[in-house]
Amino acid sequence: MAAEGQRSPGTDGQASAHAASGPTGWQHPLSTARSGVIWQGIPGKETPTNSKDIGKIVKARRAEIGLNMTDLAKKIGVSQAQISRLEDGQQGFRSDTVGRLAKALKVPAFRLFMTDAEWSRWQKRA
């Protein structure tokens with residue numbers, strides 16, 4: 001058996017990666033998508049770490065540009081109830097939803113994964 005995080009032969013002879021978390025408890029972001037957490041972040045960093053944090057960013061940006069939930073839902077092709085669940089952190093974000101949200105909110109998709117402080121620093125450098 002291969003060590004944790006190493007590749008081992010799969011049943012079809014192809015290499016497969018183990019999904020276990022490392023010794024620090026960090027997990028690959030995609031390994032936790034079903035739990036609603038789409039990005040674990042780096043321990044000690046201020047980056048948003050879960051759907052609730054990202055939902056707050058979406059909600060604030062939506063209000064900033066004057067969109068209500070219904071209008072945002074129509075723009076990205078989901079229900080108003082789904083927008084509510086996304087903003088409240090009750091539902092995770094799929095990558096295609098993040099892309100459509102970012103476009104509708106007129107921000108780059110990576111903005112949704114940054115704190116306000118990180119975003120401010122990035123805007124000053126850009």
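Throughout, read-outs are computed from the coordinates displayed, never taken from laboratory work. A quick note: this is a predicted structure, and the numbers were derived from the prediction, not measured. Neighbour counts run over all protein chains shown; Cβ positions are idealised from the backbone, glycine included.
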>> I'm trying to understand the selection: among the residues of the stretch 117-126, which are in a helix (DSSP H, G or I) and surrounded by fewer than 12 Cβ atoms within 10 Å (Cβ to Cβ)?
In response: A117, S120, Q123, K124, R125
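Restricting attention to the stretch 117-124, does a residue exist that is over 24 Å from N68 (Cβ atoms) and in contact (Cβ under 8 Å) with a residue 40 or more places away in the chain?
Checked the stretch 117-124: at least one residue is over 24 Å from N68 (Cβ atoms) and in contact (Cβ under 8 Å) with a residue 40 or more places away in the chain.
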> Within the stretch 64-81, restricting attention to residues that are closer than 19 Å to A109 by Cα, under 20 Å from the mean Cα position of the chain (by Cα) and of a type outside the set (K, R), which residue is surrounded by the most Cβ atoms within 10 Å (Cβ to Cβ)?
Replying inline: L72
